[in-house]
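Working notes, beginning with the structure itself.
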Amino acid sequence: MNDLTNWTPRPMPASVRLEGRYVMVIPYQPDAHDQALWDAFGGLAINQLLAYFACPDFYSVEEFSAWSDAVSKAGWLREVFVNKETGAVVGMAHYMRADPANGVVEVGGVAHGPAMARTPMSTEAHYLMAKHVFEDLGYRRYEWKCHNENAPSKRTAERYGFTFEGVFRQHAISRGKNRDTAWFSMIDTEWPLLAAAFETWLSPQNFDSEGRQQKKLEDIRAELATG
């Protein structure tokens, strides 16, 4: 167990700009980003993308903007993902439920538009957000939670290196139905290996001339772990 004798509370997460090779993570600005996110999510197709969110369906960008304002006031700190090559907005995620006294924060409200899905931008955006939590803020624990029926989200969490910790049964009521919530985390002592795996996977040498990965992130992580 870590010696926490000299532990002091960490700062609250704040809006931050992070830049990678493929993607930029930038602070959310409603006037600049609501329409861009609406378009990136495919307009009304946003309702399929956010099917496991607790929010109601949206039928206009104005409704999406109103919800965005509400969750921001509730403490969701939105970061927007931008394609570094084109400058196009492609997705979003939030730092949520920060507990600076204990060094814990969650990443949630994650949505990748079609232009971002299954590209290096997705992996790099979450690498940058996790790196900021552990290396800049000095937090001890980074959480990922999702509806237990959301199989793609659970697969993504495990691919990124989050450890599955169990299911909180009847954790919430979402859209008038029961939600069992799957919990995942990564912790500070795991971060050096996770970071090395991310960096190796994201390197240009890991992609062929058509942009296909040479090694899976999970395989790289396993190789590093066995040494």
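Kindly check whether there is at least one residue in segment 130-138 that is in contact with a helix residue (DSSP H, G or I) (Cβ under 6 Å, 6 or more places away or on another chain) and crowded, with 19+ Cβ neighbours inside 10 Å. Yes, some residue in segment 130-138 is in contact with a helix residue (DSSP H, G or I) (Cβ under 6 Å, 6 or more places away or on another chain) and crowded, with 19+ Cβ neighbours inside 10 Å. Annotation note: Cβ proximity below 6 Å between a residue of segment 193-208 that is under 17 Å from residue 222 (Cα atoms) and a residue that is aromatic (Phe, Trp, Tyr) and part of a helix (DSSP H, G or I) (sequence gap 6+ or interchain) occurs for 198/127.
Kindly list, by first and then second residue, each pair from a residue in segment 1-27 that is in contact (Cβ under 8 Å) with a residue 60 or more places away in the chain to a residue that is polar (S, T, N, Q), limited to pairs with Cβ atoms under 8 Å and residues at least 6 apart or on different chains. Hits for this filter: 2/189; 22/83; 22/119; 23/83. With respect to residue 89, determine if the residue is touching a residue at least 24 places away in the same chain (Cβ under 8 Å), within 28 Å of residue 179 (Cα to Cα) and of a type in the set (Val, Ile, Thr). No: the conditions fail for residue 89.
Just to be sure before I move on: is residue 68 touching a residue at least 24 places away in the same chain (Cβ under 8 Å), over 18 Å from residue 121 (Cα atoms) and among the polar types (S, T, N, Q) in the structure I sent? For residue 68, the condition - touching a residue at least 24 places away in the same chain (Cβ under 8 Å), over 18 Å from residue 121 (Cα atoms) and among the polar types (S, T, N, Q) - is met. Of all the residues in segment 179-227, those that are among the aromatic types (Phe, Trp, Tyr), outside any helix (DSSP H, G or I) and within 21 Å of residue 133 (Cα to Cα) number 2.
Would you mind stating whether residue 119 is over 14 Å from the mean Cα position of the chain (by Cα), under 15 Å from residue 217 (Cβ atoms) and of a type outside the set (Asp, Glu)? So residue 119 passes the test. I'd like to check something: does segment 135-144 contain any residue that is hydrophobic (A, V, I, L, M, F, W, C), at pLDDT 95 or above, under 12 Å from the mean Cα position of the chain (by Cα) and not in a helix (DSSP H, G or I)? Yes, because at least one residue in segment 135-144 is hydrophobic (A, V, I, L, M, F, W, C), at pLDDT 95 or above, under 12 Å from the mean Cα position of the chain (by Cα) and not in a helix (DSSP H, G or I). Residues in segment 112-137 that are farther than 18 Å from residue 15 by Cβ and small (Gly, Ala, Ser): 113, 115, 117, 122. Close contacts from segment 169-189, counting a first residue that is of a type in the set (Ser, Thr, Tyr) and a second that is exposed (fewer than 11 other Cβ atoms within 10 Å of the Cβ) and part of a strand (DSSP E or B), with Cβ to Cβ under 9 Å and a gap of 6+ residues or different chains, come to 181/169. Taking segment 175-189 as the range and being farther than 23 Å from residue 152 by Cβ and either surrounded by 14 or more Cβ atoms within 10 Å (Cβ to Cβ) or at pLDDT below 95 (or both) as the test, the residues that pass are 187, 188. Within the bounds of segment 79-96, is there any residue that is more than 18 Å from the chain's Cα centre (by Cα) and either of a type in the set (Lys, Arg) or closer than 24 Å to residue 157 by Cα (or both)? Looking for residues that are more than 18 Å from the chain's Cα centre (by Cα) and either of a type in the set (Lys, Arg) or closer than 24 Å to residue 157 by Cα (or both), one finds none in segment 79-96, hence no. Considering only residues that are in a loop (DSSP other than H, G, I, E, B) and either of a type in the set (A, V, I, L, M) or crowded, with 19+ Cβ neighbours inside 10 Å (or both), which ones fall in segment 77-121? Scanning segment 77-121 gives 88, 101, 103, 113, 115, 116, 117.
The values are calculated or read from the model by the stated rules, or taken from the named source; none is laboratory data. Keep in mind that this is a model prediction, so the values were computed, not measured. We place every Cβ from the backbone using ideal geometry, glycine too, and count neighbours over all the protein chains shown.
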